[in-house]
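Engineer: Have a look at the structure that comes next, please.
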Amino acid sequence: MTDAEGWRPTPAHLRAVVGGGSLAVAAVMARRPDLLVLAVPLLGAAVMAAARRPEQAPVVTQSIDHGVLREGDATTWRIAVADPEGRVEDVAALLDEAAWTDRQPATGQVAVALHADGDEALAIAIRSSHWGRRRVGPAVVVASSAWAGFRWVGRDEADARLLVTLPQPSPFDAVAPPVRTPGLVGLNRSPRGGSGTEFASVRPFQPGDRLRRVHWPQSLRTGTLHVTSTWADQDRHVVLMVDALTDVGVSGGIDGRASSLDVSVRATSSVAEYFISHGDRVGLVVLSARGVRRLAAAAGHRHLRRVLEVLASIERSSSLVDDGRMPRVLGEGALVVLLSPLLSPASLQRAATIADRGLQVLVIDCLPEQIAEWADEPLIGMTWRIELLKRERELGRARAAGVAVVPWHGPGSLDAVLRDAHHSAGRGRHR
Amino acid sequence: MSDQFWPESWRLGTRARGVGLLLRLLVVLAPAAALGCTRLAADSILAIEVVVIAAAALVAIAPDSHVGLVVVALVGANWWASVGDLATPWSIGVAASLAVFHASAAAASVVPPSAVWTRAMCRRWLQRCSVVVCGSAATWGVVAAVHDQRVAGAQLLVAAALVVAASGALWMRGAS
């Protein structure tokens, strides 16, 4: 038997040929025509399978509708099968389960009669339930000929695809006024007067005022030149610093519990989306076990996509190690938002060091609130409670030292701190 | 599908449902029906039922195995050894059971156990199974007709039959 383009005879074909043939030979040799009656179904199946043996391999193409998803979103894995000879009958496919994905059908198994049903039904829905980058596929595709006599199996590793799942932003909004930063271009109104677009007042002319700013009605009424003054537009430069050095808690995906890293990543996603949607420049610094990854500050939705992709590429750390490393360069005058579970003193020390550089620092506490309750054993739960008490003491010291620390609660989490920072900046007390 | 490209076939076999489950039931029931027909037509009985049913159960678990050939061989041997009436109509029952067994095992090996069968797939397998059963019935008709008459041997007929059989075997070998 030769392998024509990967088509191989199956045990079913062997059963039909050998079983049917043996019964037929026995019928002749033993002069038992009744054995021939028994042989006919098997011989018939064998003859039909042999007569319809495919010679060419089917052409299989696998694709995924979307390479980038948000957590909780779904896409479809599609398998297209072309059979130039028309001798392929049944096609089955199995897509292995990738981490943090749900399949529909749940077993990842689909089958069709190729020429009767078409290959449209060879589609498996994939729902990603956790941020990250993971490999999906390829699906094993098995084509069978008539009477399952011959089989072709295809699995090309080149058909695997990278599925990037971006973190699902937690609901977040801030109503506090922006923090003042040295930049003077942007969508936010600066508390200082300047060459902006938003009307501030009509005031007497001063040397240096532009003539096109002269307010003629007021000038004619008063007899002295008056000009229209405006508020300066300011641009916020926000640096989001993610502490990915530690990850505690159990991650259950978008539908389950969130570990500290899950909270950090989703909160960073929310904050980045919020600031970028307001026209601010957002930079990203990820402190991870593999080193410091930096994304320069920029604005715009394309930049948001870059931020989310960097967040999706964060890998979990297997140990609770924080070596206290600091990113060397942070934008001057930036608002630094540090997102961390704050489990080691080095995290708070990092925030204090940044504040000492004269930057405005907001620390978002990303430790899940129920971390002590999730412990499987009472002793571990008690250990966590003790650890949390120590941590609370350290947080109190940090707050006393002027570092703003807020727990992440979603919408409005940063309002109080941003408002306070705005007022402090207005009084000229930049930290 | 064998473990070669279906590493979890054993575990997945326990998750068969729908048509996949029905096929596995037929894989066990069809040899039992063949044994029943043999018993009804038999002059003497071979006590191999347990072995046949056990082998059929193995086929139900792993339809893509060669154990199915053992089942066919045992059912055929049982018939050969037990039945003396060459024109008994029970041979159609055994042939139909063998056809259902073979078709069920083959169909069960085509798709994963939990996959949903489409109407077109079910229809085609039913049609093909019916065709071979009809072929058996027609063969039995010929056997019954010839059995009642004492047909003298003919050298030319035997030679022609041998040529046809040899040609068929050669063609099958080439096609497979």
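Engineer: For chain A, take the longest principal axis of its alpha carbons; what is the angle in degrees between that and the long axis of helix A:378-400, to the nearest 10 within 0 to 90?
Structural biologist: For A:378-400 against chain A, the angle is about 30 degrees.
Engineer: With viscosity set to 0.692 mPa s and temperature to 37 °C, compute the Stokes-Einstein D of the stretch A:237-427, Rh being the Kirkwood radius across alpha carbon pairs; µm²/s, no decimals.
Structural biologist: 194
Engineer: How much accessible surface area, in Å² rounded to 10, belongs to the heavy atoms of A:GLU373 with a 1.4 Å probe?
Structural biologist: 140
Engineer: Kindly sort A:SER264, A:SER277 by accessible area of their heavy atoms, largest first, with the probe set to 1.4 Å.
Structural biologist: A:SER277, A:SER264
Engineer: Only four residue types carry charge here, +1 at the Cβ of Lys and Arg and -1 at the Cβ of Asp and Glu. Report the dipole size of the protein assembly as shown about the Cα centre in Debye, rounded to the nearest 20.
Structural biologist: 1920
Engineer: How far, in degrees from 0 to 90, does helix A:301-312 lean away from the longest principal axis of the Cα atoms of chain A, to the nearest 10?
Structural biologist: Between helix and principal axis, roughly 60 degrees.
Engineer: Given the Cα-Cα distance of A:TRP374 and A:ALA125 and 0.36 nm per residue of separation, how much length would full extension add, in nm?
Structural biologist: Working it through step by step, the gained length comes to 86.4 nm.
Engineer: Then there is this: I want to verify a result. In a Gaussian network model of chain B, Cα cutoff 10 Å, which of these has the top mean-square fluctuation: B:ASP64, B:ASP43, B:ASP148?
Structural biologist: Looking only at B:ASP64, B:ASP43, B:ASP148, the biggest GNM fluctuation is shown by B:ASP148.
Engineer: Please label the shape of the stretch A:59-166 as rounded, prolate or oblate, based on the square roots a ≥ b ≥ c of the eigenvalues of the alpha-carbon gyration tensor (a/c under 1.5 means rounded; beyond that, a/b larger than b/c means prolate, else oblate).
Structural biologist: It comes out prolate by the Cα gyration axes.
Engineer: Using a ≥ b ≥ c from the Cα gyration tensor of the stretch B:1-149 (square roots of the eigenvalues), is it rounded, prolate or oblate, where a/c under 1.5 gives rounded and otherwise the larger of a/b and b/c decides, a/b for prolate?
Structural biologist: Oblate shape, in that a/c is at least 1.5 and b/c is the bigger or equal ratio.
Engineer: A further question follows. Tell me the accessible surface of A:SER22 in square angstrom (1.4 angstrom probe, heavy atoms of protein chains only), to the nearest ten.
Structural biologist: 70
Engineer: Still on this structure, I have one more. Please name whichever of A:GLY108, A:PRO217, B:VAL100 sits farthest to the positive end of the charge dipole of the protein assembly as shown, dipole taken about the Cα centre and charges placed at Cβ: Lys and Arg +1, Asp and Glu -1.
Structural biologist: Positive-end residue among those listed: A:PRO217.
Engineer: Of A:ALA355, A:ALA401, A:ALA26, which is the most mobile in a GNM of chain A whose springs link Cα atoms less than 10 angstrom apart?
Structural biologist: Per the Cα network of chain A with a 10 Å cutoff, A:ALA26 tops the list.
Engineer: Still on this structure, please answer the following. Would the stretch B:65-132 count as rounded, prolate or oblate if I go by the C-alpha gyration tensor, calling it rounded below 1.5 in a/c and otherwise prolate when a/b exceeds b/c, oblate otherwise?
Structural biologist: Oblate.
Engineer: To the nearest 100 Å², how much accessible surface do chains A and B hide from each other in total, with a 1.4 Å probe?
Structural biologist: For chain A against chain B, roughly 4600 Å² becomes buried.
Engineer: Sticking with this one: Under a 1.4 angstrom probe, counting protein chains only, how are A:ILE64, B:ILE45 ranked by accessible area, largest first?
Structural biologist: Ranked list, largest accessible area first: B:ILE45, A:ILE64.
Engineer: Separate question: Residues in the stretch A:51-65, backbone N under 13 Å from the label point at A:ASP156 (7 Å along the Cα-to-beta-carbon vector): list them, ranges by number please.
Structural biologist: Within reach of a label on A:ASP156: A:57-63.
Engineer: Dipole of chain B, Cα-centred, from +1 at each Lys and Arg C-beta and -1 at each Asp and Glu C-beta, to the nearest 20 debye?
Structural biologist: So the dipole magnitude of chain B works out to roughly 600 debye.
Engineer: Can I ask one more? May I ask you to work out the translational diffusion coefficient for the stretch A:339-413 at 10 °C, viscosity 1.306 mPa s, via Stokes-Einstein with Rh from the Kirkwood sum over Cα pairs, reported in whole µm²/s?
Structural biologist: Once the numbers are plugged in, D ends up at 120 µm²/s.
Engineer: Which value, in Å² rounded to 10, gives the accessible area of A:ARG399 with a 1.4 Å probe and all protein chains present?
Structural biologist: 100
Engineer: Let me ask something additional. Which order do peptides A:252-263, A:376-387 fall in by mean Cβ count within 10 Å, highest first?
Structural biologist: The packing order, highest mean first, is A:252-263, A:376-387.
Engineer: In addition: Given an 8 Å cut-off on Cα distances and at least 6 residues of separation, report the relative contact order of the stretch A:4-51 as a percent.
Structural biologist: Reported as a whole number, the value is 41 percent.
Engineer: Take every residue in peptide A:143-151, count the Cβ atoms of other chains within 10 Å of its Cβ, and give the average of those counts.
Structural biologist: Neighbouring Cβ atoms belonging to other protein chains average 5 per residue here.
Engineer: Here is a further query. Compute the angle between helix A:20-29 and the longest alpha-carbon principal axis of chain A, please, reported from 0 to 90 degrees and rounded to the nearest 10.
Structural biologist: With rounding to tens, the tilt is 10 degrees.
Engineer: Keeping all protein chains in place and using 1.4 angstrom, which order do A:ARG419, A:ARG8, B:ARG124 fall into by accessible surface area, from largest down?
Structural biologist: So, going from the largest accessible area down, we get A:ARG8, A:ARG419, B:ARG124.
Engineer: Report the dimensions of chain A along its three principal axes from the alpha-carbon atoms, largest first, rounded to Å.
Structural biologist: Computed over chain A, the largest-to-smallest principal extents equal 128, 66, 30 Å.
Engineer: Set the Förster distance to 56 Å, then compute FRET efficiency between B:HIS147 and A:ALA99 from the Cβ-Cβ distance, nearest 0.05.
Structural biologist: E between B:HIS147 and A:ALA99, to the nearest 0.05, is 0.25.
The values are calculated or read from the model by the stated rules, or taken from the named source; none is laboratory data. Just so it is clear, the structure is predicted and the values come from calculations on it, not from any experiment. Neighbour counts are summed over all protein chains in view; Cβ atoms, including those assigned to glycine, are modelled from backbone coordinates with ideal geometry. SASA here: full protein model, heavy atoms, side chains in, ligands and nucleic acids out. Shrake-Rupley method; radii C 1.70, N 1.55, O 1.52, S 1.80 Å.
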